[in-house]
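Asks: Quick one: the structure is below, and I'll ask about it shortly.
The values are calculated or read from the model by the stated rules, or taken from the named source; none is laboratory data. The structure displayed is predicted, hence computed values, not measured ones. In this analysis, Cβ positions are derived from the backbone assuming ideal geometry, glycine residues included, and neighbour counts consider all displayed protein chains. Surface accessibility is based on the protein's heavy atoms, side chains included, excluding ligands, DNA and RNA. Shrake-Rupley method; radii C 1.70, N 1.55, O 1.52, S 1.80 Å.
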Amino acid sequence: MPGYGDESGSGSDYEEDEQVTRGPRKRGRGARNVAASKRPRHDTMESEVSSNATLFEIVRQGKMAMATVVDDWIEAYKSDRSNAVLDMIQFFIHASGCKGTVTPQMLREATEGFQDIIKRMTEEFDEDSGDYPLIAPGLQYKKFKSNFCDFVQALIRQCQYQIIYDQFMMDNVLTLLTELSNSQVRAFRHTSTLAAMKLMTGLVNVALQLSVSLDNAIRQYDAERNKAASKRASEKLDILLQKRKELEENQSEIEGMLNGIFKGIFVHRYRDFIADIRALCMEEIGIWMKMFPKVFLTDSYLKYVGWTLHDKQKEVRSKCLHSLIGLYSDLELARDLKLFTSRFKDRIVSMTLDKEYDVAVHAIKLLILVLTNCGYETPVLTSDDCESVYQLVYSCHRPVAVAAAEFLNKQLFLNKEVNPGYTKRGRRRSSNAPLITDLVLFFIESELHEHTTYLVDSLWEVAGGMLKDWECMSNMLLEEPAQDRDALDQKQESVLVDIMVCSVKQAAEGCPPSGRQGYNKKMASKDRRVAVEDKARLTEHFIVALPNLLRKFHIDKEKVAGLLQIPRYFDLEFYTTSRLEKHLDDLLKEIAVVIEKHTDSEVLEQASHTYRFLCNDEYTISSRVNIALRAVIDSWFENFNLALAIFKEATNQGDEADEEEVYNVVQSLKRLTHLYMFNDISSDLYNQVNSILVMHYDSMDSVPEPMLRQAIKFIYYDLIYGLSKVKNQSEGNEAGGLGSHDAKTAISQLRKRVTEYLRSCELSLVQSPHKEVQEACYMSLCDLLVIFSPQLATSSPTLKPLVQRAPDALQHALVDFVKEFVFTVPDEEEDEDDTAKIDALHRRRSLLAGICKLFVFSMIDLRHAAFIFQQYIRYYSDYGDIIKETISRSRHINKVACAQTLALSLMKLFRDTLAEQGGQLDHGSQQYGHMKELARRFALTFGLDQVKTRDAVAELHKEGILFALKRDDGYPQDEFIPPPNLSFLGILVEFSAKLMKQDKKTVVNYLDRRTKESMLTNQDPDWIPLITYHNSLVQGADDDVRSVAGKGRKGRRRKNVEGNFEPPATPRSPATPMQPPQTPMTPQTPMTPQQAVGHPQLTSTVVRGMQPQAAMAAAEQMHMTEDHSLDFQQHITEISFPYLDS
């Protein structure tokens, strides 16, 4: 770069006026030291930069320090300020991405500032791309923005003592940036605004230094003037007065520059159409306010930040909040924001519910600072404001929840004077006891009783010490306080148990609950180490405390169900290494008591799960636990055998068993069933329990409903564990396994049992009058059909005899169950709460998912899913995601079969609607509109890749045409009388857009073969669907040849044959002002996309990879065969539809 490498001058403007008179080669002391330290670095880096490099290239490369670059420019400016300013102008033009060159002649000919130059430079933009250096990708522009900002700020910093006051450099630069910022070109506007904002930041710093210097000069002048006349130095007074006037003049000039930038650029660009420009304006104004609050921390500047809080783009709102966080973090500055706080407080509170989680986090952090530093006479945040933030601790997005927890912790727990008091035994309670009580009360008031784990996770980082004080929690549950007001009631104790269990789980696992989003799911090594330490601490405490807690609350099912989960987070080695086997015996004893005392399913399930964990063979205590478990199992075996014998005796004598006899059988079997859920109890009770099903099979009324339901569940688990044993035996993995003959015998016996069980479940599913029994049979059937599916033989060929396939009767029974119990409108009971309604919906969703997985894995003929697909819109809010995922996964397995099922569902719905309307379809009815919308939704599921779905869409059109034009026996065959289902073509129109252009012509030819020309010219309204469908196919089919031949490589426009040339428009972005502030959008729960199947089956196509002429020829050859089927290659058709092939 000419002149920039000259080292003869100082290259800096740090000197005061008296230093400048010594000549350009002389420096002040500080400047000389700085230059000396930089000289070797400058020489080294200059050798790496081309001597002809422009100022823009030097800044872009970033190989030289920006201070050195500015020093070189200052030297050039002192030699020839016109050329130096021209280089600076060229720098801003190139930094905007413009390749044009500004010449001295352009400057001389410019009449209205830089307007003419900017117009000419606009024409020099690269038309191939809309990128410019500030946003361009690639390594060469990776650090350009930071280098650009550093250069601009260094320019002001090193010119602050002389050059900025010469009324030449700054006037030209500010005029250029102001006019560029008003350009219609986004690149000019963005780059100039960034430069102007950084210039103003540097000028604000200069103004701050001038203000300090001026205050010192005034103070020195007043002190000298107030001295006695004999001690007053007149020369010093003149010097101080001259210095004061000089500083006041400089300050006036800086104020003029600041006002010019603010009013000429900021006021217009903070409302710019581009969000990035608005964001950088908000970022810089926050810096000005914090740097020079005396001037900028006023309502006239703060209002811009407040107004922009309503911006539509999250980046802008986030920058506003970030700037405000910097202001409210300073206690002194926060006191000057009283009016702003009162004016915009409601908006900030509402932003905690922003749809963008990052903005919500910043809003909550800002409110924490408002709560901390704004100690005004009246509280800034009302109770309603605080409540709205409190509830965010239950947010699914973890950063939002953690920020809200910090706010909650600030309000409820920190800096709170507490008096823990004493227990009745005279022991002083922990200091955390009152805080934990407050937490319990907060949770109860929240009325979200199933979200304890979310509350604990939110508070884990800010109040982890309190949540890990398990000794305090245990003492609060075990010992009574001396003061009755400190005692907990039953509900509060249950909540405390929930909080304690969730904190144990969080400490042992070291990761948030599965429902939380927005965090790094990979644990750091530090977190794993802390989790190990916490697990050791909780194990050491609860090994001793847990038996006592179970002993006290063994009757309360809610508390016991939670307490039984705690042992599953123990480090079981502690029992042996710390010689605590006695406490293990106490724990096992209490679990046995709980099983004896309780009949609740949740309690029994938790007890069984805990037994499973304690029986881990990796630990030496497993033998002791197995002995205790076997004792419990044997005890209930005996009770069941005795109760069942009494029941059968009463039944055989012709008497009806009383309630107590039935109760004894049911409760004994229920306990055994729940123990079977997680533990292989190696029962010999199959024959006894199966006899209950045999009794029911012989006489439907002989077995009570609760007993039958428990028997179905018990045998289900028995078959599952039986399969596990047989599989281990067949693979030879079990030590001392049976011989091949014994293995075959076991497989044969298991096959017999599975077959009998499936038959019994099918009978109960069809004939049982009890919904609970039908539901149990349905779930067992769905699971067993998957477990004993053909894939079983693939993994273990010896188990092939165990494979089960659902017969047609069973398939129809499963679908009928779904029709009756899933796709129904539940009765709205007035006394039923929302929780019960949600549980019922989840249960119905589970039932639907049970049969859908059978469709997906081809366990049931996919055509039976036609009824389920019909409900896609009608039950979209309840089951839409399940049905959509079923369609998607089924299509990945077999595209053609899925398309045929979609067509079948529409056909059945059409028939039903036609029958309801008396054989004459009303095209204006709601039912017809529903069918059209359903077809449109089905069409959307095919996606955008027409090549992959080519065969499927064609098959759907074929089935639809055959159905629409079919005339039943006895129906008039007159061509002037439309077929009864002709209106179905009006629905099939929704799929025309999914056909490739080549295929449209083929489908048109197929349609023409099935119809006559007189039908297409018939003006009767009944023939309109045919004409409409035909037109939808013809549209795009006629220009088939042109569309194929016209495809070429993408690129820039070229001159056509006739010579006409249409240049592409220069990429511009209008500087349209932003719309006025609006109220924030209502936050919506983000949708979670369903995962796609890992191995989709692709269908080949005859056109892919061909040249245009070959593709045209292939399209012409695709015609209908004599049996009216499309001649497409269908490589994967696993499911046949004979009833549609006829």
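Asks: When you take every Cα atom in segment 754-902, what is the radius of gyration, and what is Dmax, the widest Cα pair distance, in Å?
Replies: Taking only Cα atoms of segment 754-902, I get Rg and Dmax of 16.3, 56 Å.
Asks: Between Leu331 and Gln167, what length comes free when the chain is fully extended (0.36 nm per residue of separation minus the Cα-Cα distance, one decimal in nm)?
Replies: So the chain would gain 55.1 nm between Leu331 and Gln167.
Asks: If each residue of separation counts as 0.36 nm, what is the full-extension length gain between Thr111 and Glu246 once their alpha-carbon separation is subtracted?
Replies: This chain segment gains 45.2 nm when fully extended.
Asks: To continue, here is another question. Tell me, what % of the accessible area of segment 434-518 is carbon and sulfur with a 1.4 angstrom probe? Each step should come with its number before you reach the end.
Replies: Values: 1500 of 3410 Å².
Using a 1.4 Å probe with all protein chains present, segment 434-518 comes out at 44 percent carbon and sulfur.
Asks: When only DSSP loop residues count, what GluC sites (Glu not before Pro) in segment 890-987 have their Cβ near at most 14 other Cβ atoms within 10 Å?
Replies: Here the GluC sites (Glu not before Pro) that fit, given the DSSP loop and packing criteria, are Glu975.
Asks: How high is the FRET efficiency from Asp1022 to Ile838, r the C-beta distance, R0 45 Å, rounded to 0.05?
Replies: 0.40
Asks: Let me ask you something else. Heavy atoms only, probe 1.4 Å: what % of the accessible area of segment 550-620 goes to carbon and sulfur, would you let me know?
Replies: Numbers: 1440 of 3300 Å².
Exposed carbon and sulfur together represent 44 percent of the surface.
Asks: Per residue, how much accessible area does segment 324-424 show when a 1.4 Å probe rolls over the protein heavy atoms, in square angstrom?
Replies: Heavy-atom SASA per residue in segment 324-424 reads 45 Å².
Asks: Beyond a 19 Å Cα-Cα separation, which of these cross-linked pairs lie in this structure: Lys958/Lys1001; Lys245/Lys290; Lys670/Lys837; Lys535/Lys559; Lys958/Lys994; Lys895/Lys948? Display every interim value, and only then the final one.
Replies: Working: Lys958/Lys1001 13 Å; Lys245/Lys290 28 Å; Lys670/Lys837 26 Å; Lys535/Lys559 22 Å; Lys958/Lys994 14 Å; Lys895/Lys948 9 Å.
Beyond 19 Å between Cα atoms: Lys245/Lys290; Lys670/Lys837; Lys535/Lys559.
Asks: Evaluated at 25 °C with a viscosity of 0.890 mPa s, what Stokes-Einstein diffusion coefficient in µm²/s does segment 137-292 have when Rh comes from the Kirkwood expression over alpha-carbon pairs?
Replies: 141 µm²/s
Asks: How about segment 383-468: which GluC sites (Glu not before Pro) there lie in a loop by DSSP and see at most 16 other Cβ atoms within 10 Å?
Replies: Values: sites: Glu387, Glu406, Glu417, Glu445, Glu447, Glu450, Glu461; in loops: Glu417, Glu447, Glu450, Glu461.
Loop-located and lightly packed - Glu417, Glu447, Glu450, Glu461.
Asks: At R0 = 41 Å, how high is the FRET efficiency between Ala645 and Arg485 if r is their beta carbon distance? Nearest 0.05 is fine.
Replies: My answer for the efficiency is 0.15.
Asks: Which whole-number value in Å² is the accessible area per residue of segment 202-308, probe 1.4 Å?
Replies: Per residue, segment 202-308 has an accessible area of 50 Å².
Asks: So which trypsin sites (Lys or Arg not before Pro) in segment 521-607 pass both tests, a DSSP loop state and at most 13 other Cβ atoms within 10 Å of the Cβ?
Replies: Working: sites: Lys521, Lys522, Lys526, Arg528, Arg529, Lys535, Arg537, Arg551, Lys552, Lys557, Lys559, Arg568, Arg579, Lys582, Lys589, Lys597; in loops: Lys521, Lys522, Arg579.
Sparse-neighbourhood loop trypsin sites (Lys or Arg not before Pro): Lys521, Lys522, Arg579.
Asks: Which residues in segment 398-435 place their backbone N less than 20 Å from a point set 7 Å from the Cα of Thr372 along the Cα-to-Cβ direction?
Replies: Hits in segment 398-435 for Thr372 at 20 Å: 399-417.
Asks: Segment 166-199 to segment 516-539: how many Å between their Cα centroids?
Replies: So the separation of the two Cα centres works out to 52 Å.
Asks: Treating cross-link reach as a plain straight distance, find the lysines whose alpha-carbon is under 17 Å from the alpha-carbon of Lys752, omitting any fewer than eight places away in the same chain.
Replies: Lys725, Lys727, Lys744, Lys800
Asks: Still on this model: For segment 772-851 and segment 216-263, compute the distance between their C-alpha centroids and round to whole Å.
Replies: Their Cα centres are 90 Å away from one another.
Asks: Per residue, how much accessible area does segment 869-945 have with a 1.4 Å probe, in Å²?
Replies: 41 Å²
Asks: Another one. At 0.36 nm per residue, minus the direct Cα-Cα distance, what do Asp617 and Ala228 gain on full extension? Give it in nm, one decimal, please.
Replies: Between Asp617 and Ala228, full extension yields 130.2 nm more.
Asks: Thinking of segment 582-716 as a set of Cα atoms, what percent of all their pairs are more than 23 Å apart?
Replies: Taking all Cα-Cα pairs of segment 582-716, the fraction more than 23 Å apart is 35 percent.
Asks: Tell me, what % of the accessible area of segment 198-327 is carbon and sulfur with a 1.4 angstrom probe?
Replies: 50 percent
Asks: Quick one: grab the alpha carbon gyration tensor of segment 253-351, order the square roots of its eigenvalues as a ≥ b ≥ c, and give me rounded if a/c is under 1.5, else prolate or oblate depending on whether a/b is larger than b/c.
Replies: It is oblate, given that a/c is not under 1.5 and a/b is not larger than b/c.
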